[in-house]
1. Compute the long axis of helix 36-45 from its Cα atoms, compare it with the longest principal axis of the Cα atoms of the chain, and write down the angle in degrees, 0 to 90, nearest 10.
2. Using only C-alpha atoms and all pairs of different ones, pull out the Kirkwood radius for segment 56-151 in Å with one decimal.
3. Just to be sure I understand: with springs between alpha-carbon atoms less than 10 Å apart, which residue in ALA35, ALA80, ALA111 has the highest mean-square fluctuation in the Gaussian network model of the chain?
4. For helix 116-135, what angle does its Cα long axis make with the longest principal axis of the chain, in degrees from 0 to 90 and rounded to 10?
5. For a Förster distance of 35 Å, can you work out the FRET efficiency between the beta-carbons of ALA54 and LYS2, rounded to the nearest 0.05?
6. Strictly greater than 23 Å: what percent of every Cα pair in segment 1-103 meets that?
7. For the chain, what is the mean residue ellipticity at 222 nm derived from helices alone (per DSSP H run of n ≥ 4: -39500 (n - 2.57); sum divided by total residues; nearest 500 deg cm²/dmol)?
8. Could you work out how far helix 76-88 tilts from the main Cα principal axis of the chain, as a 0 to 90 degree angle to the nearest 10?
Amino acid sequence: MKIDFNDYARGAGLATDLVNTAPEVRRIAGEALAALPDLRRFLDERGVDAELTADDLAEVHELRRELRVLLDAEDEDQVAEGAADLVRRAGIGPLLGRDADGRWKWQVETAPDSPLVDELAALAGLGLLGALRALGHNRFRHCASPDCEGAFVDTSKAGRRRYCTPDLCGNRINVANHRARHRTT
Ligand SMILES: [Zn+2]
């Protein structure tokens with residue numbers, strides 16, 4: 001796998017999405033990665049190609065716990081060190097690749113035959129490092145919904161994201177706010 005340095009939104013997004021598949025976040029719907037086909041779909045939707053084996057699910061659950069610790073960390077140096085540890089699990093140093101227009105771009109390559117979980121660790125770790133450097137630690141947030149234990153990294157341009165899963169957590173509150181506005185006008 002080759003991971004673009006500048007496309008930190010992809011890795012940070014994967015870290016966010018993975019963390020929010022956990023049963024402690026999805027208290028009503030429950031574990032979103034309960035079986036291998038769930039993981040298959042999760043990876044397909046994020047353009048990650050992999051041959052899955054029976055061990056992958058438990059390993060990805062463990063990575064999810066490690067990512068949650070980093071998203072929750074109050075000390076940004078802990079984020080930087082922890083994310084670098086994740087990158088080291090499969091990353092073997094920078095190289096130059098070409099973008100669609102033929103221009104050079106920085107990439108990190110993962111070691112051949114790395115286990116899936118280590119490739120995901122490198123992808124997510126680089127995303128967290130990139131987001132921390134480019135956007136700052138205040139983009140690492142807890143979901144604003146009072147009913148949700150989710151966490152996320154806001155890589156949006158405006159930086160005003162409030163919910164871990166905007167379609168789910170934002171919805172009910174948006175509706176309530178909308179009604180409240182209507183009542184006062
Ligand atoms: Zn949420």
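FYI, it's all coordinate maths here, none of it is from the lab. Remember, predicted model here, so these are calculated numbers, not experimental data. Glycine gets a Cβ as well: all are built from the backbone with ideal geometry, and neighbour counts include every protein chain shown.
1. 90 degrees
2. 14.6 Å
3. Looking only at ALA35, ALA80, ALA111, the largest GNM fluctuation is found for ALA35.
4. The helix 116-135 is inclined about 60 degrees to the chain.
5. Calculated value: 0.85.
6. Working: 1773 of 5253 pairs.
Result for the distance tail: 34 percent.
7. Details: 6 runs with 86 residues, N = 185.
Rounded to the nearest 500, it is -15000 deg cm²/dmol.
8. Taking Cα atoms only, the helix is inclined about 40 degrees.
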